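The values are calculated or read from the model by the stated rules, or taken from the named source; none is laboratory data. Worth saying up front: this structure is predicted, and the values here are computed from it rather than measured. When we count neighbours, we look across all protein chains shown, and the Cβ atoms used for this are built from the backbone with ideal geometry, even at glycine. Each accessible area value is taken on the protein alone, full model and side chains, heavy atoms only, with ligands, DNA and RNA left out. Shrake-Rupley method; radii C 1.70, N 1.55, O 1.52, S 1.80 Å.
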Amino acid sequence: NDEALKALSARVVRAAPNDMATNVMRGIVLNGMPGDLWEMGYRSAAELREAVTHYERAAALCNAPAGKADLVRIADCCRSRAEQVAELDELRAQKVAAKAQLEEAKVTRASLREETKAYFNALPTDNAYRQAYFNAVVEL
């Protein structure tokens, strides 16, 4: 269970914040693992940034130069992914806002059409202005 793993890893890191393995474990849970070890949900930019923090902390605690380098590389990948997710989330938010504006414009347009029809219907039937007005409305 993805949410349970997130909660458990947070508790473990709180219990042992200066342990390299617990920070790596928290980073893995927040970043996700390749493959299908567990069904992983969406990872927010904030979760990925937190994974960066844990990988960097683990790198600082690591005594092996190669292990330290690997953890720094993974942190850099998470940081890059966090930036991409943040950009994608912003684009999604803009798309939602644009759809809302489009729907609002459609409602406004429909309202204006109804007002126009009402005005048109209030004109005398033999009025030349009514015909010109009708022609203009048809073009809308």
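At-a-glance table
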| read-out | value |
| --- | --- |
| Qualifying positions in region 79-130 - modelled with pLDDT under 75 and either basic (Lys, Arg) or open to solvent by less than 100 Å² (accessible area, probe 1.4 Å) (or both) | 120, 123, 124, 127, 128, 130 |
| Condition met for residue 60 (open to solvent by less than 80 Å² (accessible area, probe 1.4 Å), more than 30 Å from residue 136 (Cβ to Cβ) and more than 16 Å from the chain's Cα centre (by Cα)) | yes |
| Residue 15, sole failed condition from (1) free of Cβ contacts under 8 Å to residues at least 12 places away in the same chain; (2) surrounded by 12 or more Cβ atoms within 10 Å (Cβ to Cβ) | (2) |
| Unmet requirement for residue 47, which otherwise passes all of (1) in contact (Cβ under 8 Å) with a residue 12 or more places away in the chain; (2) more than 12 Å from the chain's Cα centre (by Cα); (3) open to solvent by 50 Å² or more (accessible area, probe 1.4 Å) | (3) |
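This table checks each residue for (1) more than 20 Å from residue 68 (Cα to Cα); (2) open to solvent by less than 70 Å² (accessible area, probe 1.4 Å); (3) assigned to a helix (DSSP H, G or I); (4) modelled with pLDDT of 95 or more.
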site: 3; (1), (2), (3), (4): yes, no, yes, no
site: 22; (1), (2), (3), (4): no, yes, yes, yes
site: 26; (1), (2), (3), (4): no, yes, yes, yes
site: 34; (1), (2), (3), (4): yes, no, no, no
site: 40; (1), (2), (3), (4): yes, no, no, no
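For every residue, the table says whether it meets (1) of a type outside the set (Val, Ile, Thr); (2) closer than 27 Å to residue 87 by Cβ.
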{"residue": "4", "(1), (2)": "yes, no"}
{"residue": "13", "(1), (2)": "no, no"}
{"residue": "17", "(1), (2)": "yes, no"}
{"residue": "55", "(1), (2)": "yes, yes"}
{"residue": "58", "(1), (2)": "yes, yes"}
{"residue": "61", "(1), (2)": "yes, no"}
{"residue": "64", "(1), (2)": "yes, no"}
{"residue": "71", "(1), (2)": "yes, yes"}
